[in-house]
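The next block holds one structure in the form of C-alpha cells; read it before the comments.
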Amino acid sequence: MTELSPAHVAALTDRDRLAGSAYNGDRDLAARQSLYQWQQPRYDLPGIVTEQLSAVHGRVVDVGCGNGKFIKRLCRERPDLALLGLDIAPGILADVPGAVAVADAARLPLGTASVNAALALHMLYHSSDISQAVRELSRVVTTDGLLIASTNSDRDKAELDELWMCAAGDVLGTGCGPARISLSARFSLEKAPAFLGEEFGRVEAIELPGTITVRDAGPVVAHMASYQAWADQHDVPFEATIERARAILDEHLARHGAFEIRCLGGILVCRR
C-alpha cells in the first residue's frame, strides 16, 4: 500500500472536512458498510463486539460512533449498560439512540477511569495524533476495563485499488493511474498493535478475512463514490474515474459473471 503524503494525512484528519462533508450524514459511511453484505464468510461485527463485552458492566463509550451501528445493537442486547456515543461530526449523530455528544478522540470529555470499556471502531486513522488518541482512550478506561478497536489490513480490497488505478489511467491516458486515497493506511491492522501497545499491555488481534463477490457494478461504484469528501486528493477527475471504473466493471461482469474482492479487516481487544 502506498504511504500517504502529508497532504493526504491532513485531508484525512481535518476536522472541518470530517464533520462538514465526510460524515455530515451517514450516506457515504452506509455505502462502505453495505458492501460487506456480499462477503463470505459473513461476520456479525456488532455481535462480535457485543460478545467481547459480555463480562463488562457499567459504562461503555463508543468513540467515533458514526451512525450508531454498534450502539443500536448494544441497546437491544445489553440494556444494562450505560452507553454514550461520541463523534466529531454532529450530522451523523441524528439517528444514534441514547446519550450522544460531539467530541474529539484526542480530548475526550470524560473523567479519568470513568468508563468500563471504550470502542474505537474504524476511526483512529482519522485522528491527527493517533498516539494521543490512544492515550486518551487509556485514560478514561478503568484499570480492569478494555478497549476494542478495529481497522483494515494494508492488503484489504486490493482489487478495488487496482480497478481505481486502471480507471484513473484510462482517464488520464497514462496506462496506470495514481492510487486512490486509503482511509486506514495510518492505522492499519499491521500498524495498530504498535500504537495500542503504547498504553495497553495485552493486544489481541482477531483477523476477519473474507471475499466479497458482486454480480452488479452498483455496490462497488457506491463504495468508490463514498470517498467524495476526498475527491480533491486523487490527482485525477473523481467523477470521470468513477464512471470509467463502472464501465470496466460492467465489461468484466459481462465476461465473467462476477467480480471478487478479497477483504481483511480485524478487531483488536486491548487490556492492561
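Any read-out appearing in this document is the output of simple, stated calculations on the displayed coordinates, not a laboratory observation. Since the structure is predicted, the reported quantities are computational estimates derived from the model, not experimental observations. Here the Cβ is made from the backbone with ideal geometry for all residues, glycine too, and neighbour counts use every protein chain on show.
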For this session: Step through the residues of region 95-100 one at a time and calculate ³J(HN,Hα) from phi using the Karplus curve (6.51 cos²θ - 1.76 cosθ + 1.60, θ = phi - 60°), rounding each to whole Hz and writing x for Gly and Pro.
Result: 9, 7, x, x, 6, 9
For this session: Work out from phi, with θ = phi - 60° and the Karplus expression 6.51 cos²θ - 1.76 cosθ + 1.60, the ³J(HN,Hα) of each residue of region 225-235, listed in order in whole Hz, and give x for Gly and Pro.
Result: 5, 5, 8, 3, 4, 10, 4, 6, 9, 9, 6
For this session: Could you tell me the distance between the Cα centroids of region 6-84 and region 136-187, to the nearest Å?
Result: 16 Å
Exercise. What's the extension gain from D235 to T112 if we count 0.36 nm per residue and subtract their Cα-Cα distance?
Worked result: 39.9 nm
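Sum up the charges of everything whose Cβ sits under 14 Å from the Cβ of V61, counting Lys and Arg as +1 and Asp and Glu as -1, but leave V61 out. Could you put the intermediate results ahead of the total?
Numbers: positive: R59, R78, R107, R139; negative: D62, D87, D104, E136.
Combined, the nearby Lys, Arg, Asp and Glu give 0.
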Exercise. Modelled label-to-label distance, R155 and S34, 7 Å Cα→beta-carbon offset: nm?
Worked result: 3.0 nm
Exercise. Which ³J(HN,Hα) values, rounded to whole Hz and listed in residue order, are derived for region 74-86 from phi using the Karplus coefficients 6.51, -1.76 and 1.60 in 6.51 cos²θ - 1.76 cosθ + 1.60 with θ = phi - 60°, glycine and proline given as x?
Worked result: 5, 4, 6, 9, 10, x, 6, 7, 8, 9, 9, x, 10
Seminar exercise, completed: Labelled set (i) 15.5; (ii) 14.5; (iii) 13.4; mean projected area of the Cα convex hull in nm² computed from this model equals the value at (iii)
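Under the 0.36 nm per residue contour assumption, what length would be gained going from the current alpha-carbon distance of E162 and A247 to full extension? Please report the intermediate quantities before stating the final value.
Values: separation 85, 0.36 × 85 = 30.60 nm, distance 1.44 nm.
Separation in residues times 0.36 nm, less the Cα-Cα distance, equals 29.2 nm.
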Exercise. Ranking L53, L147 by Cβ neighbours within 10 Å, fewest first, what do you get?
Worked result: L53, L147
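What does the extension gain come out to for R272 and C75, with contour length at 0.36 nm per residue minus their alpha carbon separation? Mind showing how you got there, number by number?
On the way: separation 197, 0.36 × 197 = 70.92 nm, distance 2.65 nm.
Extra length from R272 to C75 when fully extended: 68.3 nm.
Set the Förster radius R0 to 25 Å, insert the Cβ-Cβ distance between A99 and R202 as r into 1/(1 + (r/R0)^6), and round the FRET efficiency to 0.05. Write out the running numbers ahead of the final one.
Values: r = 29 Å, r/R0 = 1.17.
With a Förster radius of 25 Å, E is 0.30.
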Exercise. For the chain, what relative contact order do you get, as a whole percent, if you take Cα pairs closer than 8 Å and at least 6 residues apart?
Worked result: 23 percent
